[in-house]
Structures are given as C-alpha cells and as structure tokens.
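To keep things clear, I will list the structure first and then write my remarks on it.
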Amino acid sequence: MDGHDLLDGKTGIIFGPLNEDSIAWSIAQACHREGAEFVLSNAPVARRLGSLDELADETDSDIIWADATDDEDLEELFEEVKDAYGKIDFIVHSIGMGVNVRKDVPYEDLNYNWYEQTLDVSAVSLHRIVKHALDTEAIDDGGSILAMSYIGAQRIFSKYSEMGDAKALLESIVRSFGYRLGKRDIRINAISQSPTKTTAGSGIEGFDAMYEFAERVSPLGNASADSCADYATTLLSDYARMVTMQTLYHDGGFSSMGISDQIVKAMEDSFAEEGDEDPS
Ligand SMILES: NC(=O)c1ccc[n+]([C@@H]2O[C@H](COP(=O)([O-])OP(=O)(O)OC[C@H]3O[C@@H](n4cnc5c(N)ncnc54)[C@H](O)[C@@H]3O)[C@@H](O)[C@H]2O)c1
C-alpha cells in the first residue's frame, strides 16, 4: 500500500515489536510509511530473542530497551524520548504474555504468582506507560494512545484462559484513562484484533484451531497484522481525533457473527463421521 502522509510530522513510541511476525513490527512499518518518526522499545530480554535492529534500520528508528513492568525503566525511557523528540504524539502498546497459558496450567489451577505476572505484563504495563508518559510530560496534548486487545476480553475462548482476564483489565484501563485524558484531548483506544500468527499467539494451546475457526466464521476472513497496522495508523492520525475509550474490532466481522455456513458444514461432516447424522 502507498503511504498517504497520515502521520507526517508526528513522533511516537512503539512498544512490542519482537520479530517480523509481531503486530507491532507491522505497525512500525506502516507508521514509517505514513511519515512518522518513533522510538522502538521492548524488554531487555528480547534483545537476544528477537531481531529489532533490522526494524530499527528499516524505519530509521532508535531502540530503547525497557521492561514495561519496571517503573524506573519507563521513567528513564520517557526522559530519553523527550530529549530526542520533545513531546511525542503517539504511543503504541503491543505487549502481552500469559505465563500460566504458556505453561499449560488450567484456569482452575492458576499459579497466582504467574497470574500476577500475566496481568502486570499484559495490562498493568499500559497503566504504567501512560502514567510515566504523563509524569515526565513526554506526551503532547492531542496525542493518541493505542493498545492491542482480543475478543477473549469479553467472551470466553476457553484456551485463552487468564489472558481473557488480562485483556478485560486492559480494556478497562483504556476507558478509565480515556476519561481522565480527555481534558487534554489525548485519546486512548484498544484494537481488538483477529487471531494472528505471532510468537505470543502461537504460545496459546489450541491457537491453530482458534485461528481456523475465526477464519471460517469471519465474513472477511482473519485480519492480518499488516491490515491491523494500516488501521492503527488511522487511529494514531488526526482523522480519529474524536475517538476515545473504545475497543475497536479489527476482525473481519467475527465479533458480529454467530455461526457461518462453513462451520455448519464442518459440524455436519463431523457428526456424520461420528455416525450421528442427525444431531437433533
Ligand atoms: N497474535 C494474536 O493472535 C493477537 C490477537 C489479538 C491481540 N493480540 C495482542 O497483540 C499484542 C502483540 O502481540 P503479538 O501477537 O504481536 O506477539 P509478539 O510476541 O510478537 O509481541 C508481544 C511482545 O510483548 C513483549 N513483552 C513481553 N513482556 C514484556 C515486558 N515485560 N516489557 C516489554 N515488552 C514485553 C514481547 O517481547 C513481545 O515483543 C499483544 O498485546 C497481544 O496480546 C495478539
């Protein structure tokens, strides 16, 4: 897609690109295409897990390593960002990790230390990031903040487990801050994205089935990371200046569907295989 200078003259920070599958990686590429300048950030541990240098080269960006659960790291990060750009116009939070989910611990038996870690990394980190952006006066009036969510915040997707709770908290933080940031015309929204094949996505047991199910239910099919990034640029731009406190579905129509012909057919075939041709 050609750029339209949607973010010409805007500066920001993008948290969460790890490798080229990451949603934040696509968001950085799209923001660069639209004329924005930004810093990339990820946890120090990602230095050896990912390939962020390549993205920094491609988008002419600097990297600041910071653990999004660490107040000192975040304060230093925003001071550095301010030194580089003055006040910034946008923040993208694309961070998530379910510790119990990764370790296959069922919801009924959650390890509470890991649960706290999951909520801290995946949701409270948004609160910390916004707080430190405000305290350091790094974000400008009229800015836009964006976080990434999933429909598992609002409906049960059994294998999503504790991450459903984390995303529900994330969406609530979006609303709670949205109210408070409004007086400075700062907007904050969440994109609720289709299942996407990334490192975080693939860490969820049953992810492939969730992905295929959504693909067959959504009238437009699953939304890719690249299309999500295009949508993100509109929300970071002035064209969305009156949109705030929203969870915005970017899911090919999945959230408005019940069942589709494809799923009906698949269910009929599977019932027939089980020798139970008339499930009624
Ligand atoms: N992949 C999907 O199916 C899907 C669907 C909807 C929403 N999302 C959300 O999109 C966002 C991005 O995930 P992704 O799918 O691109 O996977 P990803 O693994 O590429 O990105 C997750 C990022 O979080 C970072 N991170 C983890 N702990 C951190 C910490 N303490 N401090 C700073 N960064 C930390 C990781 O290093 C990684 O870069 C997440 O919020 C995820 O929940 C993903």
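At a Förster radius of 41 Å, what calculated FRET efficiency corresponds to the Cβ-Cβ distance of D60 and S172, to the nearest 0.05?
0.70
As an exercise, identify the trypsin sites (Lys or Arg not before Pro) in segment 177-214 lying in DSSP coil whose Cβ has no more than 15 other Cβ atoms within 10 Å.
K197
R0 = 35 Å: FRET efficiency of I156 with D226, Cβ-based, nearest 0.05?
In this case the efficiency is close to 0.75.
Exceeding 31 Å between C-alpha atoms, which entries from my cross-link table qualify? They are K82/K103; K159/K265; K82/K183; K10/K159; K87/K197.
Violating the 31 Å limit, Cα to Cα: K82/K103; K10/K159; K87/K197.
Along segment 92-101, what does the Karplus equation 6.51 cos²θ - 1.76 cosθ + 1.60 (θ = phi - 60°) give for ³J(HN,Hα), rounded to whole Hz, x for Gly and Pro?
Per-residue couplings from phi come out as 10, 9, 10, 10, x, 6, x, 6, 5, 4 Hz.
Label segment 11-273 by shape, choosing from rounded, prolate and oblate, from the square roots a ≥ b ≥ c of the eigenvalues of the Cα gyration tensor; if a/c is under 1.5 it is rounded, and otherwise prolate applies when a/b is larger than b/c, oblate when it is not.
Prolate shape, in that a/c is at least 1.5 and a/b is the bigger ratio.
To the nearest Å, what is the center-to-center distance of segment 1-19 and segment 35-101, using C-alpha atoms only?
Each part's Cα centre sits 13 Å from the other's.
Just grab the label-to-label distance for E79 and Y239, each label 7 Å out from Cα along the Cβ direction, in nm (one decimal).
Label-label distance for E79 and Y239, simple model: 3.9 nm.
Read-outs: derived from the displayed coordinates by stated rules, not from any lab. Because the structure is predicted, anything quoted here is derived from the model rather than measured. Quick reminder, even Gly has a Cβ in these numbers, built from the backbone with ideal geometry, and neighbours come from all protein chains shown.
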